[in-house]
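Shown next, in structure tokens, is the structure this report addresses.
The values are calculated or read from the model by the stated rules, or taken from the named source; none is laboratory data. From a predicted model like this one, the values you see are computed outputs, not experimental measurements. Every residue, glycine among them, receives a Cβ derived from its backbone with ideal geometry; neighbour counts consider all protein chains shown.
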Amino acid sequence: MVKIKWLGHAAFLVEFSKKRIVIDPFISQNPSSTIKLDQLGKVDYVLVTHNHFDHLGDAFEISKKTGAKIVGMFELSQMGKEAGVPDDNFIGMNKGSQTEFDGIKIGMTAAVHSGNEAGFVVTGDGKTIYHAGDTALFGDMKLIGEIYKPDLALLPIGGFFTMSPLEAKYAAELIGAKITVPMHFNTFPPIKQDPKKFKDMVQKNTEVRLLEPGQELTL
């Protein structure tokens with residue numbers, strides 16, 4: 001059993017049986033977050049899709065307080081050193097494959113954005129989660145679905161900086177995850193969207209579930 005809680009924007013807490021992972025921990029400055037940083041608890045890994053403020057968020061502070069390993073593009077470690085994060089707290093990766101860490105497989109995928117951008121595919125306890133990060137629609141999302149067969153896809157729908165509901169509809173159907181959850185919308189005025197419209201658009205290959213910040217689902 002794997003629990004996934006939406007912390008608002010693109011931030012998620014993923015609880016495997018033995019490890020707790022937070023993805024894109026934009027918490028303390030996040031107007032949609034329902035949790036305070038000191039309520040996050042023990043964290044084993046912090047996954048950062050790219051270095052924009054609303055995704056890097058509190059990653060460095062979490063790592064310094066808890067000793068959590070930060071996983072992201074190699075260049076992110078250089079930023080962390082300047083922030084006082086110990087070198088041993090970084091796992092500088094790149095796109096292309098999954099690697100096993102303490103029984104959890106973590107891999108980085110392509111994304112179409114800026115800021116040393118990537119997505120993540122995380123597998124543990126027999127379940128696979130694809131967090132697309134900030135991205136436009138791209139055709140190789142179909143390959144991500146075919147290779148990793150995600151149980152859950154977390155897709156941005158806010159538009160302006162990423163896919164809107166229209167493009168995300170095609171992304172969801174290309175990936176074909178068992179469950180798709182929209183994210184990265186309504187945090188700021190430029191990305192205001194109605195997630196129900198996205199749900200209504202998606203007609204095949206996946207079940208769309210809508211969460212409110214603070215809500216969770218179980219795989």
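Of all the criteria given as (1) small (Gly, Ala, Ser); (2) touching a residue at least 12 places away in the same chain (Cβ under 8 Å); (3) farther than 17 Å from residue 5 by Cβ; (4) surrounded by fewer than 19 Cβ atoms within 10 Å (Cβ to Cβ), the one not satisfied by residue 126 is (2).
Being at positive phi and more than 18 Å from the chain's Cα centre (by Cα) is the filter here; which residues of segment 167-209 pass it? Spell out the reasoning first.
Kept after step one, since they are at positive phi, are these residues of segment 167-209: 176, 184, 186, 205.
The one that is at positive phi and more than 18 Å from the chain's Cα centre (by Cα): 205.
Okay, residues lined up against (1) in contact with an Asp or Glu (Cβ under 7 Å, 6 or more places away or on another chain); (2) farther than 17 Å from residue 5 by Cα; (3) of a type in the set (S, T, N, Q):
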position: 36; (1), (2), (3): no, no, no
position: 42; (1), (2), (3): no, no, no
position: 51; (1), (2), (3): no, yes, yes
position: 61; (1), (2), (3): no, yes, no
position: 78; (1), (2), (3): no, yes, yes
position: 87; (1), (2), (3): no, yes, no
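Per the conditions (1) surrounded by 14 or more Cβ atoms within 10 Å (Cβ to Cβ); (2) closer than 28 Å to residue 164 by Cα; (3) not aromatic (Phe, Trp, Tyr), the sole criterion not satisfied by residue 140 is (1). Is segment 159-172 home to any residue that is over 20 Å from residue 12 (Cβ atoms), among the hydrophobic types (A, V, I, L, M, F, W, C) and in contact (Cβ under 8 Å) with a residue 12 or more places away in the chain? The answer is yes, given that some residue of segment 159-172 is over 20 Å from residue 12 (Cβ atoms), among the hydrophobic types (A, V, I, L, M, F, W, C) and in contact (Cβ under 8 Å) with a residue 12 or more places away in the chain.
Sub-6 Å Cβ pairs linking a first residue in segment 88-113 that is in contact (Cβ under 8 Å) with a residue 60 or more places away in the chain to a second residue that is crowded, with 19+ Cβ neighbours inside 10 Å and of a type in the set (Gly, Ala, Ser), at least 6 apart or interchain, are 104/124; 111/118; 111/119; 111/133, ordered by first then second residue.
So in segment 57-87, with the set limited to residues that are in contact (Cβ under 8 Å) with a residue 24 or more places away in the chain and closer than 20 Å to residue 110 by Cβ, which one is surrounded by the most Cβ atoms within 10 Å (Cβ to Cβ)? For segment 57-87, the residue satisfying everything is 72.
Pairing residues of segment 183-204 that are more than 22 Å from residue 145 (Cβ to Cβ) and in contact (Cβ under 8 Å) with a residue 12 or more places away in the chain with residues that are exposed (fewer than 13 other Cβ atoms within 10 Å of the Cβ) and polar (S, T, N, Q), at Cβ distances under 7 Å and at least 6 apart in sequence or on separate chains, gives no pairs at all. When residue 54 is tested against (1) more than 17 Å from the chain's Cα centre (by Cα); (2) surrounded by fewer than 22 Cβ atoms within 10 Å (Cβ to Cβ), just one condition goes unmet, and that condition is (1).
Residues that are modelled with pLDDT of 95 or more, polar (S, T, N, Q) and within 12 Å of the chain's Cα centre (by Cα): does segment 101-113 have at least one? Taking every residue of segment 101-113 in turn, at least one turns out to be modelled with pLDDT of 95 or more, polar (S, T, N, Q) and within 12 Å of the chain's Cα centre (by Cα). Restricting 196, 169 to those that are crowded, with 22+ Cβ neighbours inside 10 Å and more than 30 Å from residue 101 (Cβ to Cβ) reduces the list to 169.
Could you grab the pairs with beta carbons closer than 6 Å, sequence gap of 6+ or different chains, first residue in segment 1-29 and crowded, with 24+ Cβ neighbours inside 10 Å, second one of a type in the set (Asp, Glu) and in a loop (DSSP other than H, G, I, E, B)? Pairs found: 10/24; 11/24; 25/58; 27/58. Reported count of residues in segment 41-51, each being under 19 Å from residue 102 (Cβ atoms) and crowded, with 19+ Cβ neighbours inside 10 Å, is 5.
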